[in-house]
Amino acid sequence: MHIKKYVFYIILFLKVNFTAFCQTEIKAIQNNDFQTFPSYLDIGYNQTLRPQFHFTSLKNWNNDPNGLVWYAGEYHMYFQHNPLGVKWGNMTWGHAVSKDLIHWQQLPHAILPFDKEGGIFSGTAVIDHFNQLQKQKDTTKTIIVFFTHSKKISYQAAAYSTDKGRTFTLINNGKAVVPNQGFDNGERDPKVFWYEPSKMWVMVLWVKRGAKEGTAEQKSGKVLVLNSSNLIDWKVVSQLNRDWVYECMDLVELTVDGNENEKRWLIYDASFDYEIGSFNGREFVSDKKSYLGDLGKNFYAAQSYNNSPDGRAVMIGWMNGGDNVFLKGEMPFNQQMSFPTTMELKSTPDGLRLYRWPVKEIESLYSKSYSYRNKSSKSLYKKLEKIKAELIDLSMEFLGNSNLKLNVRGLDVVYDPILGIITYEKTTIPAPKVNGLVKLRILLDRTSIEIFVNEGAGVATNYAVPNPENKNISVESTGNEKIKQLTIHELKSIWSTF
């Protein structure tokens, strides 16, 4: 570890704890036994199975991204975190910041459990631009977070930060800002945002689990929409009943076909079932048709950024299911985040659909690049044989007239022209020709493969562990398929400066 990094974290940790000691007794009730960050300082990012361009906690367990918000040049990513071990438990809000959504710096844990029975579960963060909480110091805006506190009955609590999200003071001693709405322990994961047309704050809160049509326990799930004018007093203004809803709801406005003057709203849950509709600040209305936004096995509890500085709708999800990778590999950490993607709606022959795409900032990681145009799969063989790459961003366009297999470091991604699909293991992604071409993009890290088809019309996020000794790329096809374009970028590690 670099000495500068070590000194920085020591100074920061001392500052955080000194601040916590000097502030009110409200903050003191947070249990400092969970502030284990000093033990993280010598872990480093060079383990065999450490993802090199996806976020992971230096140490211990992480799951849902929480409180995604941009302020004063920093993207904040809080996250569900166990500061005491590599398995789920002791829910605390971990914290990391980035200036570019790519290079992350982990900071001391932000919000600690404040009693023995309840944890700090998932939630959201907003900027108090209007100083409604009356806590602003000088010109630094207050960051307010809302989260679920759960004992026998769950409720929504809140806290605020006056030091750019580093430390938090509980509001109302951690008691309910939104009390239990009568659904016992099933109410959780508030998403809060500002709705400008009505000058109101909006909270979307999941309260009851649904089950999709045809399941043995079919029942209607329930989502509440609440309004507030001051971030403290909340009123239920509508409810949404859907069979598919289950926790970690998000509601976000997106452009249609890149037109800033035409927008619709997207609502989705933890499993990334989604609907497209309209929203007036109080009620979401749609035709009730739902779709699936990620077809892979390892994408869950995604959240979009509040207060985005450039108008982009950026989301990050938790890549759930990593136990078989990281625990078997005896890593000091467990689980990882997906790569950040933008979201937009595009017109298709079947109507509006969600498209996702890796954020453009990935280009800052490009080291070596290789590009080929109008080549047959056979002619590419010897050219690709010379490339040895570990971390990869690969894009390919092909005619889609024959069976094709792209092998990336021993992982097979296969195209079937009859079915019009791309498969990776048991994951299937629709891949129809668009303007005579099939387009494919792959992000490959040490433990994951993310596949984007036809510019993000279909996306699949999966854990995958390539053989570390295999750094080859090859393309095969039954009909000597014509490859219109193939570009391979080798990526640098995001941890190279730490």
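The values are calculated or read from the model by the stated rules, or taken from the named source; none is laboratory data. Source: prediction; values computed, not measured. Using ideal geometry, Cβ is built from the backbone for each residue, glycine included, and neighbour counts are taken over all protein chains shown. Please note that ligands, DNA and RNA were not included when accessible areas were found on the heavy atoms of the full protein model with its side chains. Shrake-Rupley method; radii C 1.70, N 1.55, O 1.52, S 1.80 Å.
Summary of values
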quantity: Residue in region 423-431 that is closer than 17 Å to Ser477 by Cα and in contact with a Lys or Arg (Cβ under 8 Å, 6 or more places away or on another chain) present; calculated: no
quantity: Where Thr428 falls short, out of the listed (1) touching a residue at least 24 places away in the same chain (Cβ under 8 Å); (2) within 30 Å of Ser493 (Cβ to Cβ); (3) not hydrophobic (A, V, I, L, M, F, W, C); calculated: (2)
quantity: Failed item, numbered, when Gly258 is tested on (1) within 20 Å of Gly293 (Cβ to Cβ); (2) free of Cβ contacts under 8 Å to residues at least 40 places away in the same chain; (3) surrounded by fewer than 16 Cβ atoms within 10 Å (Cβ to Cβ); calculated: (2)
quantity: Residues (under 21 Å from Arg188 (Cβ atoms) and either open to solvent by 50 Å² or more (accessible area, probe 1.4 Å) or over 13 Å from the mean Cα position of the chain (by Cα) (or both)) located in region 269-289; calculated: Asp273, Tyr274, Glu275, Phe284
quantity: Residue among Met343, Met315 that alone is hydrophobic (A, V, I, L, M, F, W, C), open to solvent by less than 40 Å² (accessible area, probe 1.4 Å), within 18 Å of Asn454 (Cα to Cα) and in a strand (DSSP E or B); calculated: Met343
quantity: Enumeration of residues in region 353-387 that are surrounded by 13 or more Cβ atoms within 10 Å (Cβ to Cβ), within 29 Å of the chain's Cα centre (by Cα) and of a type in the set (Lys, Arg); calculated: Arg353, Arg356
quantity: Tally of residues being open to solvent by 70 Å² or more (accessible area, probe 1.4 Å) and closer than 19 Å to Met77 by Cα across region 147-193; calculated: 1
quantity: Residues (under 22 Å from Asp257 (Cα atoms) and in a loop (DSSP other than H, G, I, E, B)) located in region 413-458; calculated: Ala431, Pro432, Lys433, Asn435, Gly436, Asn454, Glu455, Gly456, Ala457
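Matching residues to (1) among the basic types (Lys, Arg); (2) under 30 Å from Asn82 (Cβ atoms); (3) touching a Leu at 6+ places or on another chain (Cβ under 8 Å):
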site	(1), (2), (3)
Ser278	no, no, no
Asp294	no, yes, no
Asp310	no, no, no
Ile316	no, yes, yes
Met343	no, yes, yes
